[in-house]
1. Can you list residues whose amide H is under 5 Å from Q262's amide H, if they're 5+ apart or on another chain and H is modeled 1.01 Å from N?
2. Report the label-to-label distance for D858 and N599 in nanometres (one decimal), using points 7 Å from each Cα along the Cα→Cβ vector.
3. Ranked highest first by average number of other Cβ atoms within 10 Å, how do 645-651, 906-912, 663-669, 288-294 line up?
4. Here are some pairs, K404/K838; K685/K747; K242/K311; K26/K298; K354/K398; which of them have Cα atoms lying more than 21 Å apart in this structure?
5. Pick out, from F835, T667, S351, the residue whose Cα sits farthest towards the positive end of the charge dipole of the chain, with +1 on the Cβ of Lys and Arg and -1 on the Cβ of Asp and Glu.
6. What do you get for the angle between helix 838-856 and the principal long axis of the chain? Use alpha-carbon atoms, 0 to 90 degrees, nearest ten.
7. Give me the net charge of E889's neighbourhood, meaning all other residues with Cβ under 15 Å from the Cβ of E889; Lys, Arg count +1, Asp, Glu -1.
8. Quick one: the Cα spread of segment 517-636 along its three principal axes, in angstroms, biggest first?
Amino acid sequence: MHPSHHLVLAFCLPIYCLNADPGDGKKTWSKFDNLPYPEDNLFLYDTFPPGFMWSVGTAAYQVEGGWQQNGKGSSIWDTYFHKVNPHLPNGDVASDSYNNLHRDIEVLKSLKVTHYRFSISWARIFPNGTLSNPNEPGLNYYSILIQRLKEIGVEPIATLYHWDLPQKLQDDYGGWVNESLPDIFKDYAEFCFRSFGKEVKHWITIDNPYAVAWHGYATGKLPPLIRGGKLLGYRAAHNLIKAHAKVWHLYNDYFRPNQRGQVSIALSSHSIKPQNMTEQDITECQKSLEFVLGWFAKPIFTDGDYPQSMKNDLPSILPVFTETEKKFVKGTADYFAFSFGPVLSFQLLDSDMKFKQVENLNLRMVLNWISNEYNKPQIFIMENSWLGPNSTKREDAKYMYYLKQFIMEILKAIRYDAVNITGYTAWSLMDGFEWLRGYSIRRGLYYVDFASHNKRLMPKSSALFYRKLIEQNGFPPLPENQPIEGTFPCGFAWGTTSYTIQLDTTPSQFNDPNVYLWDPKKTKSLTKVEGAVTPKRKSHCVDFAAIRLQISLLQEMHVTHFHFSLRWALILPLGNLTKVNHTVLHYYRCFLSEMVRVNITPVVALWQYVIEQQGLPIPLAEHGAWENPQIVQAFVDYSRLCFKELGNYVGFWITVNEPYVRNLSYTSGHHLLKAHALAWRVYDKEFRQSQKGKISIALQADWVEPACPFSTNDKDATNRILEFDIGWLAGPIFGRVDYPSFTDDEKKLIQGTFDFFALSHYTTKLVYWEREDASKNNHYLKVRPMTDNTWLHSPNRTAVVPWGLRRVLNWVKSKYGNIPIYILANGIDDNQEEFQDKLRMHYIQNYINEALKAYVIDDVNLAGYFAYSFNDKTDPSYGLYSYIANQYEPKPSMQHYRKIIDSNGFPSPEASVILCPVEPVPCTEINFFQTRKSLLVFVSFIFLAFIVTVFMIIYYAKKGKRMYL
């Protein structure tokens, strides 16, 4: 069965009787405030119902051109641009569809739509607006258009009135404020039904009557520019509603039995949400939609009368329907034709109509409101899309992703909310004349070269996207998006990351040499005795309470590794070895030794960029930082000190952690690579044999995707970003990339200075080449970043795209070979109070599963995964532990991560349990006896004293007995 036949079947019964109570839509906002999170925000891989109608649309004045050709009369828009504002661009030629019918048919065929919505220019058929003077060439144009559409299997959807009233009717009658217009419109409609009705099964009487009435006759923003205030605006709307009803009854009584078509009116609306979820604000939102959409929808779809809120607020202005008129208007639509997009949203919506609430672009919410308010009508989206600047040519990523977002919301409305949506119309087929905005914006799926003689059409990325969407009837599930079961190898490193640790070198009270007395009468507290001191004992690791607490939290998480960064500026305040902070070194040594004692392997970074002095000692930061070549030797000296003082406890060293390459000059990058390489060589030559550790560099490796997957330019831009963000520093180390600025000796020095590939990964971004706004472009890389609004996003607008991790792991493997890879940081911000940590749980679950796919399916040599971050105190809103009122509390995500660690992945319930052997961590210099020397001496002394005491008691007891004998 042809898809178009489904419309007749679906709409076989007109909507006469509706049982919805006015105001039922009010429950919509409470529903959307309580949707399951994050499940409801995820991309929905599913298809539309069978027979779903895929359409594309245009309006006559926007695309036809030929404004005086072959006897066409003038419309109110022709008058506006020729007489009122002749200096402005106009639609005289526009996309010139009137002279390029074959061109339009070919692109419609290529697009594979099932329906095409177009409007009939009233003045092209009747130059004076009345039946007295029909124009045969205009009639032939639409007849041929409809015939060609049927030949290629595309069903026409004809709009009788899309804003272009014949100027003669405006001059003679004053336009839609005159009560004669509904009958004149009815005569025009009857002619169209007789002329085209045999082939046209879907009719729209009037497009966006809100804009026609309010801005044509109240505000005067649109032609015919009548500034008649509310009185004329509501009068025009009253006549538009009656005109529509007359045409519907005409078709229903005289044409439906034979032509078996459907008639509706295309209503437009905005979307609105409450400032606060209070009853008052929700009521105001309900009122906002009633004043815009309900103004026309309630009379037609409910009871033939205006919303009560309008009647209450406008008792002396709002026209009144008689009881006969109410019955006549009620039920005069065979389905709910709905338009949503930039024409009304954020442009032609008066601020007063918002009632101090917040306008947004939530199409799904409005569809739910319509379904609730009007008793679940069948809805056909008659116009929807967004806009792009005139500079956009064929790669319209921004437009395409708005289209994707809206279509995704429609799919969710169907599948999640049971909203009865039967068709969708993308707007528009081609670039055209955009009303008051002229040619400053573009809304077409096809690019129109307005400078060419025949107005050549070229498909944009959005056209290719829409065609593929139609072919697949939505977004069918993909095998690669399904989670897998399996486990990671034995010895897999499960860790967590903190860019710094809590440094509290304050000794415990037992290390205080002062003497205190208790004052029970006055202060009732300890009072220091001045001048009285006791011998100060040597500081021990057990004196640092902060260390014990952090280690206990790590143990609770069941991690095997912990990654953090040292603070160069604290260890060497002057940037050289003339002043070493041994207190801080001792603290780090204690922290590391305690980690090793509980079998947690330290992964330690020597330098981490932070905003304050770039994480460098002040003298280095103030003398050029990484621009200064002397920093290289300073880093080597610092590294050697750390290896010497801490290396016996460290399993993995990171020389440089996450250098942000976008802030690096080439000189800084050059010095940073040399510093890393020299530090690696020092460790390899002087410390590796005794300490048995490993060392490398850690790079941030977020994934990037071409915004337009069909664009060669965007694919090239993606490669540039990856090579710059990752390859700039990784290439000389892990590959054979050399730069002209390196000498041969420097190339040999740097190449191969790694033991593993360490990366951090947080998100995926889109990049596109088309330069819409120069201020937002990266001019050096010639790209602009963007995001996909259908992706799940964190409170900080970080996109959650798990499959990006798998792709970056495969990219690293393809570029640098199958070397061991450690994911040293992977995490997301979350609002625990609002979302109960659900986003982070979802993030960890799905990113680790993608890592498992890389290991199991792609054979990536993945050796470890570290969740970012350890706690909120050091990394606010990213932690697995919250930190409130000086207390650490495990979040649900920590417990979820611990469960994954304990399972070593996602084992199948049927799989046998694999027990990994527990290997002791050999370390000749670290054991219980050495880390507790003082305690052991003290315990040994007590034990010896006890033995001596017992011996003496027994000895003298026996001696006493002999004396008595």
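The values are calculated or read from the model by the stated rules, or taken from the named source; none is laboratory data. Fair warning: this is a prediction, and the values are worked out from it, not measured in the lab. Using ideal geometry, Cβ is built from the backbone for each residue, glycine included, and neighbour counts are taken over all protein chains shown. The accessibility values were calculated without ligands, DNA or RNA, using every heavy atom of the protein model including side chains. Shrake-Rupley method; radii C 1.70, N 1.55, O 1.52, S 1.80 Å.
1. HN-HN under 5 Å from Q262: H202, W203.
2. 3.2 nm
3. Numbers: 645-651: 21.3, 906-912: 9.7, 663-669: 14.1, 288-294: 24.6.
Per-residue Cβ counts within 10 Å, averaged per peptide and sorted highest first, yield 288-294, 645-651, 663-669, 906-912.
4. Details: K404/K838 25 Å; K685/K747 18 Å; K242/K311 18 Å; K26/K298 14 Å; K354/K398 26 Å.
Those over the limit are K404/K838; K354/K398.
5. T667
6. 80 degrees
7. Details: positive: R840, K873, K891, R898; negative: E556, D830, E833, D837, D872.
Cβ neighbours under 15 Å give a net charge of -1.
8. Between the extreme Cα coordinates on each principal axis of segment 517-636 lie 64, 41, 26 Å.
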